Amino acid sequence: IKLDQEYEIIFHEENISSNFDYVVVVVGNEKIFEEEMVGFIQSLKKTSSKYLLSLLIHDVKNQNIKLIHKKIKDLEVENLSIIFESSKSLKLDKIETKAYYTARRFILANDMMEKFSKTIFVFDADYIINNDLNHYVKLNQNIDISLCIKKSFRYLHLTISAGQSMFNNTKRSKIFLNFYKKYIFYILNYKKISWHIDQIVLHVAFIITK
């Protein structure tokens, strides 16, 4: 499996000014940033503390990168990692690109765990955080992974929702995320990216690594 970096990072900035206990990962494009991600960040700031916010925004028009970067900085997040990247080298169509970036966040989660050895949260950008995530971390400190199992609309390989996930810094979580990353790269190289790829690979990783 070719595990080279298939995407092009245009800009990466990381500012850490205090200790943190966990990492919050959110991924989206320019439209998602404007319509969803800003609200998510504001809700996170109001409710939670001691986190590193890891943002990945893809395929932003060059002339808008500085503007979005300023908007993020104006939100005054204490610990922040920002990545702007381009998907052009992947040569995916519009639907495939959208599908790929639902899975890309779990690749980023793997990379952040490898780098910081901390608990990792992965959220949809349209979520609103209503309670302190620290409480959730403490409540689930003795588990490996927290995944949302669907009660309805459950189809083969689509039993796990990808909207909210938590991975503690354990051997099993690391195996799970590393498998996820390798499997996504396998699909990129040898198969076709399809819709629900994030949920499908969560299901496969759960079955293979449990």
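The values are calculated or read from the model by the stated rules, or taken from the named source; none is laboratory data. These numbers were taken from a predicted model, which means no experiment stands behind them. Ideal geometry is used to build each Cβ from the backbone, glycine not excepted, and the neighbour counts take in all protein chains shown. Keep in mind that these areas ignore ligands, DNA and RNA; they rest on the heavy atoms of the full protein, side chains included. Shrake-Rupley method; radii C 1.70, N 1.55, O 1.52, S 1.80 Å.
Under 5 Å between amide hydrogens, built in the peptide plane, is the criterion, and for Val25 it picks out Ser54, Phe121, Val122, Phe123 among residues at least 5 positions away or on other chains. So which trypsin sites (Lys or Arg not before Pro) in the stretch 56-91 pass both tests, a DSSP loop state and at most 13 other Cβ atoms within 10 Å of the Cβ? Within the stretch 56-91, the qualifying trypsin sites (Lys or Arg not before Pro) (loop, at most 13 other Cβ atoms within 10 Å) are Lys61, Lys91.
May I ask you to give the solvent-accessible area per residue for the chain, in square angstrom, as obtained with a 1.4 angstrom probe? Kindly include the intermediate steps, with their values, before the conclusion.
Numbers: 11120 Å² over 210 residues.
On a per-residue basis, 53 Å².
Sorted largest first by accessible area at a 1.4 angstrom probe radius, with every protein chain in place, the residues Asp198, Asp124 fall in the order Asp124, Asp198.
Counting Lys and Arg as +1 and Asp and Glu as -1, what is the net charge of the other residues whose Cβ lies under 15 Å from the Cβ of Ser43? Provide the component values of the computation, followed by the final result.
Numbers: positive: Lys45, Lys46; negative: Glu35, Glu36, Glu76, Asp124, Asp126, Asp132.
Overall, the nearby charge balance is -4.
Were the residues from Asn140 through Gln42 laid out at 0.36 nm apart, the gain over their Cα-Cα distance would be 32.9 nm.
Remind me, what semi-axes does the stretch 60-152 give for its equivalent ellipsoid, largest first in whole Å, using sqrt of 5 times each Cα gyration tensor eigenvalue?
Numbers: eigenvalues 145, 79, 40 Å².
Working from the Cα gyration tensor, I get semi-axes of 27, 20, 14 Å.
Shown for the chain: the carbon plus sulfur share of the solvent-accessible area, taken with all protein chains present and a 1.4 angstrom probe, equals 51%. Both radii are taken from the alpha-carbon atoms of the stretch 51-210; with Rh as the Kirkwood radius, Rg/Rh is 0.96. For the stretch 18-31, putting each phi into the Karplus relation 6.51 cos²θ - 1.76 cosθ + 1.60 with θ = phi - 60° gives couplings of 8, 5, 9, 9, 7, 10, 10, 9, 9, 10, x, 9, 4, 5 Hz, in residue order, rounded to whole numbers and with x for Gly and Pro.
What number, rounded to the nearest 500 deg cm²/dmol, is the helix-based mean residue ellipticity at 222 nm of the chain, given -39500 (n - 2.57) per DSSP H run of at least four residues and division by all its residues? Walk me through the intermediate numbers first.
Details: 6 runs with 86 residues, N = 210.
So the calculated ellipticity at 222 nm is -13500 deg cm²/dmol.
Could you work out how much longer the chain between Lys61 and Ile207 gets when fully extended? Use 0.36 nm per residue separation minus the Cα distance between them, nm to one decimal.
48.7 nm
Taking the DSSP beta bridges with both ends in the chain, the antiparallel portion is around 50 percent.
The order of His203, His135 by accessible area, most exposed first and with a 1.4 Å probe, is His135, His203.
The charge dipole of the chain, taken about its Cα centre with unit charges on the Cβ of Lys, Arg, Asp and Glu (plus for the first two, minus for the last two), comes to roughly 640 debye. The gain in end-to-end length when the Phe11 to Lys94 segment is fully stretched comes to 27.7 nm, 0.36 nm per residue minus the alpha carbon separation.
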